[in-house]
Every structure is written in C-alpha cells, then in structure tokens.
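**Q** What follows is a single structure, and I will ask about it in a moment.
The values are calculated or read from the model by the stated rules, or taken from the named source; none is laboratory data. Values in this document were obtained by computation on a predicted structure and should not be read as measured data. All Cβ positions, glycine included, derive from the backbone under ideal geometry; neighbour counts span all protein chains shown. SASA here: full protein model, heavy atoms, side chains in, ligands and nucleic acids out. Shrake-Rupley method; radii C 1.70, N 1.55, O 1.52, S 1.80 Å.
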Amino acid sequence: MTIDGRIDPAEWQGAQHITDFRKVQPLNGTPGSLPTEAWVLSTPQGLAVAVRSVQPPGVPRTHQRIRRDETAQLDRVNLMVDFDGDGRTGYNFMVTLSDDINDAVITGETQFNTDWDGHWQHAVSEDAQGWSVEMLIPWYIAPMRAGRDGTRTVGLYLDRVVGSTGERMAWPVASFSRPRFLSDFAQVALPAYSQPLLAVTPYVVGTRDQVNGKSRFDGGADIFWKPNGQTQLTATINPDFGQVESDDLVVNFGAEETFFTDKRPFFTENQGIFDFSLLLDNTQLIYTRRVGGLADDGRGSGDVTGAVKLNGSVGATQYGVLAAEESGDAGRTFGALRLNHDFGTQSLGLLATHVDRPFLDRNADVLGFDHRWKPNDKLTVTSNVVGSRIDQRGHAANGTGATTVVEYEMDERWTQQWLGMHFDDRLDLNDFGYQPRNSFNYAHWEVRRRYANLPEDSRYASHQWRFRAIGIDNDHGLRLERQFRMVRDSQLRDGGSETWQLNLNSPAYDDLLTRGHGALRIPGRHSLSWERSSPRKGDWAWKSEVELVGSDRVGSRRVGYEAMFEPTYFFSDALSAFGGVTYQWQPDWLIWQRDNLIGSFDSHSILLDAGVNWNISNRQELRVKLQALGLDARLLQAYRVGSDRRAVAASDPVDDFSVRNLGFQIRYRYELAPLSDLYVVYGRGGYALDPRYSEADSQFGRSFSLRDSEQLLVKLAYRFEI
C-alpha cells in the first residue's frame, strides 16, 4: 500500500467500509451535514485508515498551516485507537487538510496529552468535491496485547471536523465531553500482526552562553527496541535536556508549586501506562520533570546519566518499569513499577515509586492502587488509594490518601458526578510526583445538562451547563472552601467557543498563606469570568478573556479584574503573527512575608504574549516567541494573623515591590527525517524583583533590557531504524 492520499479501490479491497458518521459536536447523533466515509484495513505494515470528506465548493475550506501538535479550528480528521480495546489508553492521530498533524496519548477516558510524538505515515489529496486522507499506523507505535487466534480486537473512533462551522461528525457516536469516551470506542476485530523495531537516535548539542562567555558540547542517544508487540524497551544515555521548548512566564508568590508539562522524548514515549492521577488538578504519582529538575544542592539542574523504561503485557496484565539515575554527590535515583490487570467490567492497578536522595539523607516510597468499575453503560466508578513513607535522617513519616469519583450518565442530556478525596497531613508525593498540598478533604456534587438541538437560526450550536457544589476542609476540620459554581460551555456555529463561569464562595480559611504559621480567615470571594475564541475569518482570528474577582482581604467590597485580548493576523496560510495583552488589577492582594506576617497590596500587571509562526515548508518552521511582564505592588497595610485567625493590623515594616520578567526565543527547526531534526535556538530571559514601587508600565518597558540568561543552542538528532 502506498500512502499518497489517493484512495485507490484496489489498495483498499477487503477493508471495513464505514459510512455512518453522525454529529457529536453538537452532540445530537443526527447524520452529518456532509457525506463522510472511511476504510479500515489491518496490514503487516500497520493499521491503515482512509477517510473521504465530501466538501463541495460552496463550503469554505481552511488551508491554514499549523506546527505539530498545535490546535486550531481547521478542516481535519482524527483517528483514535485503543490497541488493547480495554478503555485505558488510546492514541490520537490527527491530519489537517494541509497535511499537518497532531498526535496525543489519551488516558483517564478524556485526557489528551500532546507531549508524545509518534512515527506514522500520512498524506492528503484534494479535488473540487472534497479531500481525502490516508494514514498508516505501524504496529510498533505502542505496546499492545497479543492477538488471539490470529485476531486483535481494538477500540476505534473516527471523526471529521468542518473548520468553517466547527461541526464534528464521528463513528461511533462518542464524545470527550461525556464521562466516558475511550470506553465508547467501537470494538473492531482485525487480523493480528506484529512488527519488531530497533531505533537509535543519537544527538549532539552545542550551547554558547553569551552571558558567561562559555561554550558547551555534549552528546548522547535514545534507544527504542520492540522485539514483539507485547514488549517495548526505551533507554536514554546522557539525555539531552537542552531547552528547545520554552515554558511560559509564571510569577508565583503562592504556596503551591507551578506545574509544567514535559516534552522530553524519553519521558513521553509509552508513558501512558504510568498515568496515576489523583483526579484533582495535576496531582499525580509520577511527575517526570522531577528527573533532571533542580538539584538537591541547589546548584542548577540535576545531571541525568541515563534512564530506562520497559513496557509490556502478559495476557490481560500490563506492566511498566522506569528507572533513572543522576550523577554527582547531589544525584538522585528514581524507580517506578506499574501493574494493571483488566477483569472486563473492572480493572485493578498498582504503582510503586522509590526515590533515593543521598544528599538530603532522604528516601521516599509511595504505593498506590487504582480501581475502575463499569457495572453498566451509564455508571462509572473510579477509585484509588495511596500511601507514602518518607525516611529522612532516621525519622520516618507515613501518609495516606484516597479518591473516589462516581459518574452517572442518566440520559443523553443529563449527567451527575460525585467526587470525594482525602489527603492526610503527612501524605507527601513530591519526591517523584506532583502534589500541590496535603491535609485536604474535598467533596463535590455536579449536575450537567446538554442542549444540542438548538434552533438553526441560533448563533450557538450547543450549550452544556454545569452546576457544582464544593466543600473543602483540611485534615483538622478547618473550612477551606464552600463554593457554588455555575458554568456554561458553548459552541458557536462559526466554529468558535464561549465559556461563562460564576463562582460564589462563602467565608473560609487559608491555611497555606503563612506557610504553617497560622490559618487566616478570608471573606467570601465571588468571581465571574468570560472566555471567547473566534477562529480565522479572512486574515484574522482572536481570543479574549475577562474576569471579575473579589479581593483576598475584603472580598466583594473591592473587586479586581483581569482582561486579555489576543488577535492573530495571517499574512498567508503559512505565516502568522499574534500579540496578546493581559492587564490585571488585584486590590488587597495578600502576600506572605515571614512567620505570620503578611502584606496587603494593590497591584497592577501587564503581560505581553506575542510571536510569529512561519511554516516555511513541510520540513521547515520558524517560531518567534516573546513574553514580557511588568508588575507593581503598593503596600496598603501589614497584618499579622491573630489568635482568632483574623488579620490584625501590624506596624512591622513591609516594602512595596515591583517585578519585571522576560522570555524571548527564536527557534528554527528542519526535519531531516521522521523524528530526526536540526534545531537552532536563540533564547534570552531574565527576572528582577525590586524592593520598591515602580509602576507596572515602567517595569514592563524595562523588562526588555533583562539579560540574566542568553544562549545560542544548536542540536542535531537523527533516528536510525535497524
């Protein structure tokens, strides 16, 4: 079979032919407005899929180019595959009308992670009446169970999106806006094949530090071996952790750590099995940015000598082993073991992690069990329990936690969800995982109502309303939050989206602000937010956000606001520039100073987020990214936390302050071959905290002169398949 985008009937002879594509956005299950058909064929070279999208001249077509894994409102098709057919892990392969791609791992039924990049074939052809896509997904792309009697049963989902309207047509009728998505894929029996693979990707990287006048050269390799369909081994030697991807600017004065995703190839390959989310925000047992993160001696990032990962399956049991080693006196050792067994309507899993931190004389062990039960088509129960044991300098601390989520889809319009969570005050997952806080008891009840059959003359295609009641206490019975939340998520007929959210909070306490020096009573803080995105129309696209929120100290007596507007101008389908400005005013903003001393500030901030994206060709791209921030904070009053947990005015000296921050990157990428790239990256940035007041616009202007870091990086990586 030749993957050229032209659907040759002779090549697709014997394929399963699918024509029943129905609307899932809006989610009403009616036949799609445009004819769509697909062919699915299992071949020794991989899973082959073709999609024919009828789109006559009267329906606008979107030829806008995107970089890999970028999201935009475009004409596109998605192939999603659960290779084991058990609803645990899926893979999304998206191809646009311009033959650009997005690939992602799907876990937790509806969670998409685009950090993963796979090697698969795709091609597009176009004619007057429509366009066609062909894809070939090799069998070595993911670990999967062995077939039975020469047959493999996979979960399969196909959809097609019309860029000008946002309409999504799919087979089968399944949606990631519902509690179940992966589990609703069609079960398709295919001839079973297996492909071995040995791939080695050596790299060399050179860095010139313009600030310190130093140059550095390094090299290493990633190794991928799949002897059969059930086993995959990934290893990395002296892995490259050079920054070809830049994180967004974050100014965080709070007590909770900022979460960042991970794009490093070793940690994204076959990582889905290690997903063990505790179901609140980003809390999880394995947070791969810990490996090679800030060293225990505080002297920069840890130096990773090597890492290895083994994934596979034996019958209905999946397994994964992960180990990583850092060098030097402050080096850490990381290890993880993952097991999961599918019992049909139930699955049971285990994840154990260990971290040895000799510089701190600290050992951390975490053990978690997760369970999923689907007794019928409407009810899903997901639960987990976790325990930690931290031994530091001969003193051991044990902690526990547990979560349960019950989702009941009453009919095609109404859904209910109950969630309960408990973390005791000794649970500690942060040696290898990510845990914003412990001492935490959370419960909510949510009701959702979907409207997917709106009048044809309505500017909206669908609405989903969500009503949620939330209660949070710490592990000592202190009220942290009581909230009623109302959200309306809407899809518009022009392909755009809109979200309204109202949060009503009663008075509660903040037990993190003073970092353990007393909880502070805070007033009821209400908020109202609106978000709107409009896809490209002509040469322009835009998105906007507005939020009104009560202040930290006096609640709704003083209301702050944040406003963002980001237009994008398209010089052509391949070249665009965007420039977004966010302005924020925070009245009576409370910031911890020391012990139980806090300051209340009036603050303004200006953030610029701008850039240029140029898809020079299918193999070349140039990206420019600029973020600059200016912030001021004028002291209103210093306070201490009184014995009654209320703020008491204090005479302690507390300074005004201001902040400026800069992140700038120019990145050129040339694709030599699949997963083989040449990068040339220039980056510059800096951060300055001034212990005096200077207006936000002044700090913003001065941010462009920051130069804490400035470097030129050249990286060459080439994948050899043996």
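**Q** Could you state the accessible area per residue of region 606-722 in Å², with a 1.4 Å probe and every protein chain left in place?
**A** Accessible area per residue, region 606-722: 49 Å².
**Q** Measure of size requested: the Rg and Dmax of region 323-397, with Cα atoms as the atom set and Å as the unit; please supply both.
**A** Calculated on Cα positions, Rg and Dmax stand at 17.1, 54 Å.
**Q** Whole number in Å², please: accessible area per residue of region 1-70, 1.4 Å probe, ligands, DNA and RNA not counted.
**A** In whole numbers, region 1-70 has 45 Å² accessible per residue.
**Q** Using only DSSP helix segments of four residues or longer, with each worth -39500 (n - 2.57), what per-residue ellipticity at 222 nm results for the chain after dividing by its residue count and rounding to 500?
**A** -500 deg cm²/dmol
**Q** With each label point set 7 Å from Cα along the Cα-Cβ vector, what nm distance links ASP655 and ARG68?
**A** Reported label-point gap for ASP655 and ARG68 is 4.6 nm.
**Q** Rounded if a/c is under 1.5, else prolate if a/b is larger than b/c, else oblate: which is region 1-138, with a ≥ b ≥ c the root eigenvalues of its Cα gyration tensor?
**A** Rounded is the answer for region 1-138, as its axis ratio a/c remains below 1.5.
**Q** Of the peptides 452-460, 201-209, how do they stack up when ordered by the mean number of other Cβ atoms within 10 Å, highest first?
**A** 201-209, 452-460
**Q** Moving to a separate point now. Can you pull the one-decimal nm distance between simple spin-label points at SER506 and TYR687, each 7 Å off the Cα toward Cβ?
**A** Taking the two extended label points, one gets 3.8 nm.
**Q** Sorted by packing (mean other beta-carbon atoms within 10 Å per residue), highest first, where do 642-653, 467-478 land?
**A** Most protected by this proxy first, the peptides run 467-478, 642-653.
**Q** Note the full-extension length gain between ALA352 and TYR670 as 0.36 nm times their separation in residues minus their Cα-Cα distance, in nm to one decimal.
**A** Using 0.36 nm per residue and subtracting the Cα-Cα distance, I get 110.5 nm.
**Q** Using a Förster distance of 35 angstrom, determine the FRET efficiency expected from the C-beta separation of TRP530 and ARG645, and round it to 0.05.
**A** FRET efficiency, TRP530 to ARG645: 0.55.
**Q** A follow-up question, please. Report, in debye and to the nearest 20, how large the dipole of the chain comes out about its Cα centre when Lys and Arg carry +1 and Asp and Glu carry -1 on their Cβ.
**A** So the dipole magnitude of the chain works out to roughly 740 debye.
**Q** Further question: Just add up the charged neighbours of PHE570: K/R +1, D/E -1, any other residue whose Cβ is under 12 Å from the Cβ of PHE570.
**A** Local net charge: +1.
**Q** Could you state the number of Å between the C-alpha centres of region 409-431 and region 669-717?
**A** About 38 Å separates the Cα centre of region 669-717 from the one of region 409-431.
**Q** Spelling out what I want: for every residue of region 416-432, take phi, set θ = phi - 60°, compute 6.51 cos²θ - 1.76 cosθ + 1.60 (Karplus), and round to whole Hz; glycine and proline get x.
**A** Values per residue, Gly and Pro as x: 10, 9, 10, 9, x, 8, 9, 10, 6, 7, 10, 5, 9, 10, 7, 6, 10 Hz.
**Q** Still on this model: Show me the three semi-axes of the equivalent ellipsoid for region 124-239, from the C-alpha gyration tensor (sqrt of 5 times each eigenvalue), largest first, rounded to whole Å.
**A** 38, 26, 16
**Q** A further question follows. Given axes a ≥ b ≥ c from the Cα gyration tensor, I'd like to know whether region 209-322 is rounded (a/c under 1.5), prolate (a/b larger than b/c) or oblate.
**A** In terms of gyration-tensor shape, oblate.
**Q** Another one. Quick one: give the max-minus-min coordinate of the C-alpha atoms of region 450-506 along each principal axis, largest first, in Å.
**A** 53, 17, 16
**Q** So, one more: If R0 is 51 Å, what FRET efficiency do you get for HIS517 and ASP20 from their C-beta distance, rounded to 0.05?
**A** 0.20
**Q** Give me the lysines in straight-line cross-link reach of LYS625: C-alpha distance below 29 Å, same-chain residues under 8 apart excluded.
**A** Hits, sequence-local ones excluded: LYS214, LYS263, LYS537, LYS543, LYS715.
**Q** Still on this structure, I have one more. Kindly identify region 242-396 as rounded, prolate or oblate by the Cα gyration tensor criterion: order the square roots of the eigenvalues as a ≥ b ≥ c, call it rounded if a/c is under 1.5, otherwise compare a/b with b/c, prolate if a/b is larger, else oblate.
**A** Prolate, because a/c is 1.5 or more and a/b exceeds b/c.
**Q** Sorted by accessible area (1.4 Å probe), largest first, how do LYS214, LYS715 line up?
**A** LYS214, LYS715
**Q** Using a 1.4 angstrom probe on heavy atoms only, work out the carbon and sulfur share of the accessible area of the chain in %.
**A** About 53 percent, which is the carbon plus sulfur part of the accessible surface.
**Q** Looking at region 424-557, what % of the alpha carbon pairs are farther apart than 24 Å?
**A** Above the 24 Å cut-off, region 424-557 has 50 percent of its Cα pairs.
**Q** Roughly what would the spin-label model give for GLN111 and SER125, points 7 Å off Cα along C-beta, in nm?
**A** 4.1 nm
**Q** With the other protein chains left in place, how much accessible area per residue, in square angstrom, belongs to region 169-247 at a 1.4 angstrom probe?
**A** Per-residue value: 45 Å².
**Q** Work out, step by step, the length gained on full extension between SER556 and THR305: first 0.36 nm times the residue separation, then minus their alpha carbon distance; give nm to one decimal.
**A** 85.1 nm
**Q** Pull out the extension gain between LYS263 and ALA316, defined as 0.36 nm times the separation in residues minus the alpha carbon to alpha carbon distance; nm, one decimal.
**A** 16.1 nm
**Q** Another question about this same structure. Just want the answer: with Cβ charges of +1 for Lys and Arg and -1 for Asp and Glu, which residue in ALA364, GLY387, ASN376 is farthest toward the dipole's positive end in region 346-469?
**A** Of the candidates, ASN376 comes out farthest on the positive side.
**Q** Which residue, chosen from ASN430, ALA696, GLY471, occupies the Cα position most advanced towards the positive end of the dipole of the chain, where the dipole is computed from +1 (Lys, Arg) and -1 (Asp, Glu) charges on Cβ about the Cα centre?
**A** GLY471
**Q** Suppose every Lys and Arg Cβ carries +1 and every Asp and Glu Cβ carries -1, with no other charges. What dipole size does region 1-132 come out with about its Cα centre, to the nearest 20 debye?
**A** 380 debye
**Q** Starting from the Cα of LYS374, draw a straight line to each of the aspartates and glutamates and keep only those under 18 Å, dropping any in the same chain fewer than 8 residues away.
**A** Those aspartates and glutamates meeting the cut-off are ASP82, ASP84, ASP86, GLU109, ASP184, ASP342, GLU407, GLU409, ASP411, GLU412.
**Q** Could you work out how far the C-alpha centroid of region 628-647 sits from that of region 322-368, in angstrom?
**A** Computed from Cα coordinates, the inter-centre distance equals 40 Å.
**Q** Hey, if you drop one equal point scatterer on each alpha-carbon of region 15-84 and run the Debye formula without solvent, what base-10 log of I(q)/I(0) do you get at q = 0.11, 0.13, 0.20, 0.25 Å⁻¹?
**A** One equal scatterer on each Cα of region 15-84 leads to -0.37, -0.52, -1.14, -1.30.
**Q** Which translational diffusion coefficient, to the nearest whole µm²/s, is obtained for the chain from the Stokes-Einstein equation, given a Kirkwood hydrodynamic radius over C-alpha pairs, 37 °C and 0.692 mPa s?
**A** It diffuses with D of about 118 µm²/s by this estimate.
**Q** Quick check: convex hull of the Cα atoms in region 642-722, volume per residue, rounded to a whole Å³?
**A** 202 Å³
**Q** Efficiency by 1/(1 + (r/R0)^6): what FRET value for ALA396 and THR43, r their Cβ-Cβ distance, R0 = 51 Å, to the nearest 0.05?
**A** 0.40
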